[in-house]
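Enquirer: What follows is a single structure, and I will ask about it in a moment.
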Amino acid sequence: MLNQNILIAEDDADIVELLSLYLSSEGYTIFSAENGLRVLDIIGSTKIDLAILDIMMPEMNGYDVLRRIRENYNFPVIILSARELDSDRILGLNLGADAYLTKPFNPLEVVAYVKSALRRYYQLGGNESAVKSVPEDQTLNVGELELDLLKFILRKRGRIVPLTPTEMKIVIKLMHHPGHVYTKAQLYSCIGGELYESDDNTMMVHISNIRSKIEDDPSNPRYIKTVRGLGYKIEE
């Protein structure tokens, strides 16, 4: 994919320089913002394909920036923060981040996450060519859920259910084979990554977020069921 623009939102100039070096060497065009308001200015005037957000930024913190992004955009967002608490990670994922990485970091790992997130995004219709590659009139149906594989839109009782690219990929995997139990490792594989021990809570948060969007009663789910000790499945 050519001409992909990456926005690095970070007030540490050394981190911006390091990430810019690694990402530009992969062919990405880099934009940077040292505060939250500048992030919104750039997004409003430039086509951004992926954003890397720090949490602790001047003017507007990363969580508030992410909320604003998700009001109008569905491009991938990776949080890169020194905050390591599970509550911080869960909040970021709940707000729509596709991944949450902590500092100090391996720049090669960040590059791998960027490639994976962009690959998922464009496979799920992030651009016109990706949409055209999907067969027309192809839908998946599970109960009151209908997934349009041409436009990558999930509807429940005819109403659109807004999903992040990561959530959409998980739902597609589950809806292709209702009743089939998928392990967390298999679900991670379907979203373009590998399961690490530290990712256990991340997948649980993604599943919880999906349930909050598709279930009438998320605490007593009708569709996505947990199979203890194995993984997850979706039922009619």
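Enquirer: Could you count how many residues in the range 87-113 are out of contact with any strand residue (DSSP E or B) (no Cβ under 9 Å at 6 or more places or on another chain) and not aliphatic (A, V, I, L, M)?
Expert: So the answer is 5.
Enquirer: So is Tyr22 of a type in the set (Phe, Trp, Tyr), touching a helix residue (DSSP H, G or I) at 6+ places or on another chain (Cβ under 6 Å) and within 23 Å of Met204 (Cβ to Cβ) or not?
Expert: no
Enquirer: Within the range 202-219, does at least one residue satisfy the condition of being farther than 30 Å from Val114 by Cβ, touching a strand residue (DSSP E or B) at 6+ places or on another chain (Cβ under 7 Å), among the polar types (S, T, N, Q) and not in a helix (DSSP H, G or I)?
Expert: no
Enquirer: Ok, one more. Regarding Ser20, is this residue of a type in the set (S, T, N, Q), out of contact with any Ser or Thr (no Cβ under 6 Å at 6 or more places or on another chain) and assigned to a strand (DSSP E or B)?
Expert: No.
Enquirer: Every residue in the range 111-131 that is modelled with pLDDT of 85 or more, of a type in the set (A, V, I, L, M) and more than 15 Å from Leu80 (Cα to Cα), please.
Expert: Leu118
Enquirer: Pick out the one residue from Glu84, Glu71 that is under 23 Å from Glu167 (Cα atoms), modelled with pLDDT under 90 and more than 16 Å from the chain's Cα centre (by Cα).
Expert: Glu84
Enquirer: Please specify each residue of the range 139-167 satisfying the condition of being out of contact with any strand residue (DSSP E or B) (no Cβ under 7 Å at 6 or more places or on another chain), of a type in the set (A, V, I, L, M, F, W, C) and on the phi < 0 side of the Ramachandran plot.
Expert: If the condition is that a residue be out of contact with any strand residue (DSSP E or B) (no Cβ under 7 Å at 6 or more places or on another chain), of a type in the set (A, V, I, L, M, F, W, C) and on the phi < 0 side of the Ramachandran plot, then Leu150 is the only one that fits.
Enquirer: What are the residues in the range 29-47 that are surrounded by 21 or more Cβ atoms within 10 Å (Cβ to Cβ) and not in a helix (DSSP H, G or I), if any?
Expert: Passing the criteria: only Ala33.
Yes/no per residue for (1) out of contact with any Asp or Glu (no Cβ under 6 Å at 6 or more places or on another chain); (2) under 30 Å from Ser87 (Cβ atoms):
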| site | (1), (2) |
| --- | --- |
| Glu10 | no, yes |
| Leu19 | yes, yes |
| Lys47 | yes, no |
| Ala51 | yes, yes |
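The values are calculated or read from the model by the stated rules, or taken from the named source; none is laboratory data. The structure displayed is predicted, hence computed values, not measured ones. Note that we place each Cβ from the backbone using ideal geometry, even for glycine, and neighbour counts take in every protein chain shown.
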